[in-house]
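Asker: Before we start, here is the structure in question, set down as structure tokens.
What follows is calculated from the coordinates using simple rules that are stated; it is not laboratory data. Source: prediction; values computed, not measured. Virtual Cβ from ideal backbone geometry, glycine too; neighbours counted across all protein chains shown.
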């Protein structure tokens with residue numbers, strides 16, 4: 001549903017530009033050396049190889065990096081009361097509310113004025129058309145503005161609960177949570193297609209994950225990483241039923 005555009009974007013563009021320029025310089029230098037018969041043709045070839053390796057390595061490192069953020073720090077806590085209240089409202093005591101806070105940090109860095117290039121808006125990066133569907137499904141949201149951080153967060157958590165319930169209850173809670181997050185990012189239908197390609201009984205997350213868009217794989221990985229860090233730093237004493245937000249398998 002929402003496009004995650006968290007961090008590294010400008011840095012990635014700069015690195016990519018530098019590497020492309022290096023490759024272009026190397027290609028020109030190589031052909032110049034061929035024309036003149038210089039033995040230094042190895043230099044541009046070496047530069048070209050290194051630039052190519054940097055491009056692949058940098059892309060992979062940036063794409064899969066988990067933000068170095070302590071989600072329990074005061075800097076990221078201004079909307080905690082909303083995340084707590086609406087996780088309780090739409091999930092009861094079955095999830096650690098910080099899961100959705102981590103999701104919102106990846107989505108928008110908790111910025112209510114954030115808007116993606118496809119029109120997703122607010123803290124939870126909800127598309128206006130999706131919000132209209134939410135308002136039809138749940139009268140609680142009628143008359144409430146998507147531009148208000150409280151209702152934006154509430155709508156995002158509600159929509160997560162809607163997606164969570166659409167997945168087969170025979171699946172493990174951990175798997176359903178990851179599929180819920182993937183559906184939020186890539187869309188339910190697209191995630192279902194990837195899930196069905198694997199086929200039962202082998203449709204484990206580890207098998208479904210490679211079939212999803214790269215952005216979606218990174219999206220789930222980053223949320224997973226943030227909530228895992230939070231659990232390690234501040235573990236919550238919960239019954240087995242309430243540990244559903246521990247999304248690592």
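Asker: Please list 128-138, 95-105 highest first by mean number of surrounding beta-carbon atoms within 10 Å per residue.
Answerer: On the way: 128-138: 14.5, 95-105: 25.8.
The peptides rank, most packed first, as 95-105, 128-138.
Asker: Expressed as a rounded percentage, what relative contact order does segment 74-242 have, with Cα pairs under 8 Å and six or more residues apart?
Answerer: Result for segment 74-242 is 19 percent.
Asker: What residues of segment 86-116 lie in the reach of a label at residue 147, counting those whose backbone N is under 14 Å from a point 7 Å from the Cα along Cα→Cβ?
Answerer: Zone members listed by number: 112-115.
Asker: Quote the Stokes-Einstein diffusion coefficient, in whole µm² s⁻¹, for segment 125-171, based on the Kirkwood radius over alpha carbon pairs, a temperature of 4 °C and a viscosity of 1.567 mPa s. Write out the running numbers ahead of the final one.
Answerer: Numbers: Rh = 11.1 Å.
Diffusion coefficient, whole number: 116 µm²/s.
Asker: Further question: Given points 7 Å out from each Cα along the Cα-Cβ axis, report the residue 94 to residue 78 separation in nanometres with one decimal.
Answerer: 3.2
Asker: Let me ask another. May I ask you to work out the translational diffusion coefficient for segment 74-242 at 37 °C, viscosity 0.692 mPa s, via Stokes-Einstein with Rh from the Kirkwood sum over Cα pairs, reported in whole µm²/s? All intermediate terms of the calculation are to be shown ahead of the outcome.
Answerer: Values: Rh = 16.5 Å.
Result for D is 199 µm²/s.
Asker: Right, something else. State the three equivalent ellipsoid semi-axes of segment 64-121, derived from the C-alpha gyration tensor as the square roots of 5 times its eigenvalues, in descending order and whole Å. Intermediate results must be reported in sequence, preceding the final value.
Answerer: Values: eigenvalues 81, 46, 27 Å².
Taking √(5λ) for each Cα gyration eigenvalue gives 20, 15, 12 Å.
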